[in-house]
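To start, the structure under review is shown below, and the notes come after it.
The values are calculated or read from the model by the stated rules, or taken from the named source; none is laboratory data. What you see is a predicted model; the values in this text were computed from it and never measured. Using ideal geometry, Cβ is built from the backbone for each residue, glycine included, and neighbour counts are taken over all protein chains shown.
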Amino acid sequence: MTLDHNLLEIIACPVCKGKLHFDKSNNELICNADRLAYPITEGIPVLLEVKARQLTSEELAK
């Protein structure tokens, strides 16, 4: 599933208000500043900190 480019331009991390990056292989939105990955469920970004997973240092190095 792809994410609408226009949506990606206006959407922000709910924790730090920073830019999110789309990780197509894992279908997640990534916040490098907070080291969080937000899932995209049925095409809808789930921007809840409690639903996000912590990124490992190996994932951040990519």
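Details
- From Arg53, Arg35, residue being under 10 Å from the mean Cα position of the chain (by Cα), at positive phi and modelled with pLDDT of 95 or more: Arg35
- Selection of segment 9-26 for residues being touching a Ser or Thr at 6+ places or on another chain (Cβ under 9 Å) and surrounded by fewer than 17 Cβ atoms within 10 Å (Cβ to Cβ) yields only Lys24.
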